[in-house]
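Accompanying notes for the structure given below.
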Amino acid sequence: MTHDQRQYVSRAEARRAREAREAALARRKRGRGAVVGLAIVVALAVLGGGGYFVLDKLRGDAAPDYASGEPGPEVVVVVNSGDTASQIGAQMAEKDVVASTAAFYEAAVQNPAMSSVQPGYYHLSSRLPAVEAVAALVDPASRVGSLVISEGRQLHDTRDVNTGAVKRGIYTLISEASCLPGASGELDCVTVDELDAAGAGDLAALGVPTWALNQVRVVPDRSRQLEGLIAAGSWDFDPAADATEILRGLVTGSAAKYEGTGITTAGANVGLNPYEVLIAASLVERESLPADFGKVARVIVNRLAVPQKLEFDSTVNYALDTTELATTDQDRATVTPWNTYAKEGLPATPISSPSIAAVQAVETAPPGDWLYFVTIDAQGTTLFTRSYEEHLANSKLAVESGILRSGR
């Protein structure tokens, strides 16, 4: 090989070596690019929708939002238990309260009061800037359809014989909680008459549970057929719904609450079916303080087993829509489907909404041979006995204390 030939070969080898180094460098650059791209894909997969939100923020894109101005029509939104700010925002956007879920979320995380928002229904204007929508949501005045039913409450209003005070019934409480601002500024409420008519309607439409159906079908007064089937406690309902829909939600929710005590089977322990347990529990609620629930439940069970009339003044008062510890001879002699002085067995329906504690007291009535009890003073002291003679002596103490003096 000549000198010139060796020089040519060296140049060719050098060129090939240089090209190989450049190709390797290019491959390394492509490799780094592929790793960075994969990292972005993984990050987006982990972040999900939030990843796109972050990228939008990095690009400077603003979430769609309404400007301040004239708000739109008013709507009702619901906050469910366990809802996140994003879930609430999605519903707010669907109802057109805000322009986008993202705008609501951005405003929500800036408002500390969002952590105190309770499940329930809220009355809000539509087409609000997200900041204003969040402020409206956390305002307690926006809460609607919120209802508290106390233990022993009846469907209809009752009057205290001695004081004349009216105790609002469940239908009145529902009506008051259903009010929404009307188009011309006045309140738009579901009326007591509408609730009373709906409550006397079709049992299936009202959600009456299967374990109560047969006995509720034969209730002698249709306006009282839902008595006891709306449980005591705190409730939320959609105030924009009609009377039947509102009652159905309360009845089905109450049935689930009662069923949580084991009512569908536990009554067998004391010889009562589920609806009879509910009736007996309403008597326990109206006749005693919680400390005596169990003993009063046992008195009921024992008297039904004898059989012996229950003779509870609360059942006399029920048909009169009045409340009084004592009753008159005339009232006790008046035959009604509820008056247990004038009829044997349980009343035709519950006489109030019992507490869960009263229901459980009937289901697990303690052993005892008591047949009689009487409250002997204003503090609620109650004496129990199996002996009628002892009961008469105890009743004399009640008379002497003045607690059995009738106001009629």
Provide, as a two-decimal number, the C-alpha radius of gyration of the stretch 148-232 over 2.2 N^0.38 Å, N being how many residues it has. 1.24
How about the stretch 207-300: which GluC sites (Glu not before Pro) there lie in a loop by DSSP and see at most 12 other Cβ atoms within 10 Å? none
At q = 0.14, 0.19, 0.21, 0.26 Å⁻¹, what is the base-10 log of I(q)/I(0) for the stretch 74-144 according to the Debye formula with one equal point scatterer per Cα and no solvent? Please give it to two decimals. -0.31, -0.61, -0.77, -1.29
Give me the net charge for the shell around Ala231: Cβ to Cβ below 13 angstrom, other residues only, Lys and Arg +1, Asp and Glu -1. -2
Rank these for me by crowding, Val138, Val374, Val296, Val335, going from fewest to most other beta carbons within 10 Å. Val335, Val138, Val374, Val296
Loop GluC sites (Glu not before Pro), the stretch 311-408, which have at most 13 other Cβ atoms in a 10 Å radius of their Cβ (DSSP): Glu344
May I ask you to sort Ser223, Ser234, Ser314 by Cβ crowding, counting other Cβ atoms within 10 Å and putting the fewest first? Ser234, Ser223, Ser314
Residue span Ala291 to Tyr388: 0.36 nm per residue of separation minus Cα-Cα distance leaves a gain in nm of 32.6 nm
Distance (nanometres) between label positions extended 7 Å along Cα→Cβ at Thr328 and Ser401: 2.5 nm
Mind scanning Lys95/Lys167; Lys167/Lys295; Lys257/Lys343; Lys257/Lys396 and naming the pairs with a C-alpha gap bigger than 29 Å? Lys95/Lys167; Lys257/Lys343; Lys257/Lys396
Expected vector for the stretch 344-356, Karplus 3J(HN,Hα) from phi with 6.51, -1.76, 1.60 and θ = phi - 60°, integer Hz, x for Gly and Pro, equals 7, x, 7, x, 5, 9, x, 9, 5, 8, x, 6, 4
Amide H contacts under 5 Å for Glu74, placed H, 5+ residues apart: Ser126
Pull up all non-local amide H partners of Asp188: gap of 5 or more, or a different chain, and H-to-H distance under 5 Å with H placed in the peptide plane. Leu180, Gly182
Explain nothing, just compute: Karplus ³J(HN,Hα) = 6.51 cos²θ - 1.76 cosθ + 1.60, θ = phi - 60°, for every residue of the stretch 161-170 in order, whole Hz, x for Gly and Pro. 4, 7, 9, x, 5, 9, 9, 5, x, 4
Val306 to Met114: extension gain in nm, 0.36 nm per residue of separation minus the Cα-Cα distance? 63.2 nm
Residues whose built amide H sits under 5 Å from the amide H of Phe312, excluding neighbours closer than 5 in sequence, are Thr340, Tyr341
Karplus 3J(HN,Hα) series, Hz, for the stretch 119-129 with 6.51 cos²θ - 1.76 cosθ + 1.60 (x for Gly, Pro): x, x, 10, 9, 9, 9, 6, 8, 6, 9, x
For a footprinting-style exposure proxy, rank Tyr275, Tyr122 by other Cβ within 10 Å, fewest first. Tyr275, Tyr122
Name the residue farthest towards the positive end of the dipole of the stretch 116-226 from the options Ala165, Gln215, Ser125, assuming +1 on Cβ of Lys and Arg, -1 on Cβ of Asp and Glu, about the Cα centre. Gln215
If each residue of separation counts as 0.36 nm, what is the full-extension length gain between Asp202 and Arg159 once their alpha-carbon separation is subtracted? 12.6 nm
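A short reminder: the numbers here are calculations on the coordinates, not readings from a lab. If you're wondering where the values come from, they're calculated on a predicted model, not measured in any experiment. Cβ atoms come from the backbone with ideal geometry, glycine included; neighbour counts cover every protein chain shown.
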